[in-house]
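Inspection log for the structure reproduced underneath, given as structure tokens.
The values are calculated or read from the model by the stated rules, or taken from the named source; none is laboratory data. None of these values were measured; they are calculated from a predicted model. We place every Cβ from the backbone using ideal geometry, glycine too, and count neighbours over all the protein chains shown. We work out accessible area using only protein heavy atoms, side chains counted, and drop any ligands, DNA or RNA first. Shrake-Rupley method; radii C 1.70, N 1.55, O 1.52, S 1.80 Å.
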Amino acid sequence: MSTTFIDEAGRAANLKSAAAGRPMLLVPVLHRCPNICGVTLSGLMEAVRAQSYKPGKDFAVVAMSIDPTETPGDARQSMEELCKRYPDLAAAVHAWTGSGQAIAAVTGALGYRYAWDEQIGQYAHISATAVVTPSGHLSRWLYGLAPVPDDLNLALTEAGQGQLGSWGQQLLLLCYHYDPTTGRYSPIVWNALRVGASVTIASLAGFLGLAFLRERRRNAVDRDG
């Protein structure tokens, strides 16, 4: 959390000061990316717009470069493009660059993997958003170009560790289960119903099979008699 980065204005920054006691969305990106990084940030902004918590007030957002050759100018240009599309939200997003050592320290702690690809001349990486607790622990990963707004809201509530969200929003966490393989939240009740239905079907199939075997044995006895 205290690792030093440089923000889009050329100032030193770190995750602890950016979080300021709030949950945080940390997005590993390439600011000069010609492919999906811009789409990833746009998708995240759409999800942020569609849920109830306010960026900059309830949680922090940091777009962190994973390319140590990128500069604050690259980060600034990336934010200028984002401001054009989301002028009401982009001011709450921090765009950072850092040294290879700083980037490795944070991505290593998060378990986020990426690699230089000679064929495309840039770093290959997945699109994902890390949800981080105020104390700097990884809470959840939300995968894909655009998180589902409800998943984002639940993840921020969970990362807030009781300090974010109403009583009703906290209660929702009891009804949903996070699936780490998909990065999604699914209703526990629905999963329980599916399990219950499977057990019922299996029990019914067993009962019918047993009844069929008894009937065959009865018929066999009748024939022998």
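Quick rundown of the values:
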item	result
Leading residue by the ranking (most open to solvent (accessible area, probe 1.4 Å)) among those in the range 136-145 that are farther than 22 Å from Met1 by Cα and assigned to a loop (DSSP other than H, G, I, E, B)	Leu145
Residues (open to solvent by 30 Å² or more (accessible area, probe 1.4 Å), touching a residue at least 24 places away in the same chain (Cβ under 8 Å) and of a type in the set (Phe, Trp, Tyr)) located in the range 61-117	Tyr114
Qualifying positions in the range 118-135 - in a loop (DSSP other than H, G, I, E, B), surrounded by 15 or more Cβ atoms within 10 Å (Cβ to Cβ) and either on the phi > 0 side of the Ramachandran plot or touching a strand residue (DSSP E or B) at 6+ places or on another chain (Cβ under 6 Å) (or both)	Thr133
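Condition check ((1) out of contact with any His (no Cβ under 8 Å at 6 or more places or on another chain); (2) buried (at least 17 other Cβ atoms within 10 Å of the Cβ); (3) of a type outside the set (Phe, Trp, Tyr); (4) in a helix (DSSP H, G or I)) across all residues:
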position	(1), (2), (3), (4)
Ser2	yes, no, yes, no
Ile6	yes, yes, yes, no
Ala18	no, yes, yes, yes
Leu25	yes, yes, yes, no
Asn35	yes, no, yes, no
Leu41	yes, yes, yes, yes
